[in-house]
Amino acid sequence: MFRNQLGAIVRILIWPTLISTGCVNGLRLCLGHWASMHTLDLTVFALHAGMAVALICGLVLAQWEMSIRGLALVRIALSLDVNYSQSYSMAKKRKWAAFLLYNLWCVLPTAVILFWLGAAFGFFVLARAQPVLSLFLTVVYCLDGFLLTVTVSWCLLFTSLAFAVLACENLGLRKVLSRSIELTVRYLWRGGSFHVLLIICQAATMLAIDLPLIATHAVHVVYLYSNGLSPHRLAYETPAYIQILACASNAVASIVLVGVAMLADALYYHDLRIRMDGHDILIALARMSA
């Protein structure tokens, strides 16, 4: 499906992706330039801070537009509308809910990751105070890593289903969240495994896309060493061709990963509707009665 719809997906996601990539790289260059100046001058700091705030605002707006277009992409994938314009018009009506769900998608897994990292660090501190506990460090860390993986996959499953429900069902935000919980809990382990596999596939895809950039970085580091320069110069003096390649790589990765994730989540949501609601039977009956 992704290959068949690749052209449409690129056209849908290209502009918010390019703006997001430009803002992220601009923010990195802005902060790197300020750090390289080695000055605490208030005027210089204010100029760089203002630029950073403007870039962050641009990034937020671009990601917001990306979430709205993601809703339209889900509707297109499930053939709910005749064309993209109709899907985008429907998604635009739910822009505030999409913005809130996007923030939830960012915050919820991050909070869970921080919780389990904090738990691991807390046990490490206890083990230093009570040496006998150090015997269980390996077991505790393995258990902590397993629980982190499971709970993060459940959080991602919940938020992705919330996006699909928002795109496909005419419900208020509270009912969208309760409906998403219902869909998530019904097949919890199956859905969590699905998202773990999706993340692994996305990571492998991102690695393949970034291989040219990684190779270019490696060649440049070798060049710096051979000329007696420090490779830490890359932190704020990255050559223009590497910056351009990084922007292009990030843009391609973003389009591919978001497109694949939206289509996969849409199909998983459709599968749940068939299993739980007999959605395909209801559609067939509606067509027969029409």
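Read-outs throughout are calculated quantities, based only on the coordinates presented, and are distinct from any laboratory measurement. Quantities reported herein were computed from a predicted structural model and do not represent experimental measurements. Positions of Cβ are generated from backbone atoms using ideal geometry, with glycine treated the same way; all protein chains shown enter the neighbour counts.
Structure summary
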read-out	value
Cα-based helix-to-principal-axis angle, 240-277 vs the chain, degrees rounded to 10	30 degrees
Dipole of segment 6-289 [Lys/Arg +1, Asp/Glu -1 at C-beta], most positive-end residue of 216, 29, 49	49
Sequence of 15, 105, 189 once ranked by neighbouring C-beta atoms within 10 Å, starting from the fewest	189, 15, 105
With Cα atoms, 0 to 90° folded angle of helix 42-77 axis to the chain main axis	30 degrees
For the chain: relative contact order, % (alpha-carbon pairs under 8 angstrom, 6 or more apart)	23 percent
Largest to smallest principal axis extent of the C-alpha atoms in segment 6-289, angstrom	78, 57, 38
